[in-house]
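One structure is given below, encoded as structure tokens.
The values are calculated or read from the model by the stated rules, or taken from the named source; none is laboratory data. Just so it is clear, the structure is predicted and the values come from calculations on it, not from any experiment. Cβ sites come from the backbone with ideal geometry, for glycine too, and all protein chains shown count toward neighbours.
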Amino acid sequence: MRYKIKTLTEFIIERQAQYPHAKGALTRLLNDIATAAKIVNREINAAGLVDILGTVGRENIQGETQKKLDVFANDMFITALKGGGECCAIASEENEKVISFQNEFSELGKYVIAIDPLDGSSNIEANVSIGTIFSIYRRITEAGGGTLEDLLQPGLNLVAAGYIIYGSSTMLVYTTGKGVNGFTLDPSVGIFCLSHPEMRFPETASIYSVNEGNYIHFPQGVKNYIKYCQEEESATLRPFTSRYIGSLVADFHRNLIKGGIFLYPGTAKNPNGKLRLLYECKPIAYIAEQAGGKASDGSRRIMEIMPESLHQRSPFYTGPKWMVEKLEEFLHREG
Ligand code: AHM
Ligand code: MG
């Protein structure tokens, strides 16, 4: 039994204290994110009560209709990060261009953030889990507001990444490159408490997560892999169980806890799939690797891909190492 509750703030401060030169900027930045997440969580929980469901009648850069909660979450994270002063630019799924903080105070910020403020938002009306995905880089440019150059860095340069899952309970899971830790929000006091220390993919895994409705359009290697998942072999726990929510954060989180692979392949029509490299694939890849797993676009390690544009998409496969490697084998066989 755990006698002492460790809060997210205590945990971050303790970790940062291990770096003698740290000035507390990352601590403050993560706290800003946690604070915004709590406010977004409050709105999500009230979604059925207040007139916040439905659309605001405009489209985001991907041509998707924005939901009110998408807009709210985006505004909330931007406001918190701008006000906090540690961040000099943000790339968000909801904004076409980099949001550069020009004001005197925020110009001092050493970090830039790529964020999907409300991922899986098509699930909101159905009361299904949704999430926020964030990633933090040190700026490259030296002064002024942050720029596109600061955001287009490979995942290997990540300082921290995490997600918040707004589910049956709300959790914040993050890594700074020294393992993955999960914190559950105690709604009665509004504090994230360490509930899942040192998260790792389990040794045994038997879940595969993919939108099988797109099967006909998948590359042959993926089709063959899916058939492999469905074959019977007790030594490898097959047939695997199929689980797909349609919210990346929720699908990944379940697979991390229970053991499973997530697939979002490219198709002939959309060779790069659907998921966005910068603020969906890379942060999840960092967490996956830190939890003993792997993340790939089928042939390349996601963390090594140098992004070329803010909203670039990528095929995405992530899960326990051996599962992703097995999938890659099938992909390579088909050339
Ligand atoms: P969104 O950022 O517009 O919400 O889209 C991303 C979501 C992911 O959470 C999820 O993995 C995927 O879209 C599901 O797509 P599909 O409905 O094609 O299976
Ligand atoms: Mg998204």
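Some points to look at:
- Residue in region 225-234 that is outside the structural domain of residue 168 (by TED's automatic domain parsing), under 20 Å from the mean Cα position of the chain (by Cα) and closer than 28 Å to residue 122 by Cβ present: no
- Counted residues, region 197-231 - those being more than 25 Å from residue 166 (Cβ to Cβ), within 15 Å of ligand 1 (Cβ to nearest atom) and hydrophobic (A, V, I, L, M, F, W, C): 4
- Evaluated against (1) in a loop (DSSP other than H, G, I, E, B); (2) modelled with pLDDT under 95; (3) within 14 Å of ligand 2 (Cβ to nearest atom), residue 95 falls short on exactly one condition, (2).
- Only residues that are over 19 Å from residue 97 (Cβ atoms), acidic (Asp, Glu) and either assigned by TED's automatic domain parsing to the domain that holds residue 279 or surrounded by fewer than 24 Cβ atoms within 10 Å (Cβ to Cβ) (or both) were counted in region 118-175, giving 2.
- Counting only residues that are under 21 Å from the mean Cα position of the chain (by Cα) and either assigned by TED's automatic domain parsing to the domain that holds residue 326 or among the small types (Gly, Ala, Ser) (or both), region 176-192 holds 3 of them.
- Condition met for residue 173 (touching a strand residue (DSSP E or B) at 6+ places or on another chain (Cβ under 9 Å) and more than 17 Å from residue 40 (Cβ to Cβ)): no
- Restricting region 232-278 to residues that are within 9 Å of ligand 1 (Cβ to nearest atom) and part of a helix (DSSP H, G or I) leaves a set whose member that is surrounded by the most Cβ atoms within 10 Å (Cβ to Cβ) is 252.
- Counted residues, region 2-39 - those being assigned to a loop (DSSP other than H, G, I, E, B) and closer than 22 Å to residue 110 by Cα: 8
- Within this structure, residue 212 passes the test of being touching a residue at least 12 places away in the same chain (Cβ under 8 Å), of a type in the set (Asp, Glu) and surrounded by fewer than 16 Cβ atoms within 10 Å (Cβ to Cβ).
- Cross-chain or 6+ apart pairs with Cβ under 8 Å, region 215-238 first and farther than 14 Å from residue 323 by Cα, then of a type in the set (S, T, N, Q): 217/267; 218/267; 219/267
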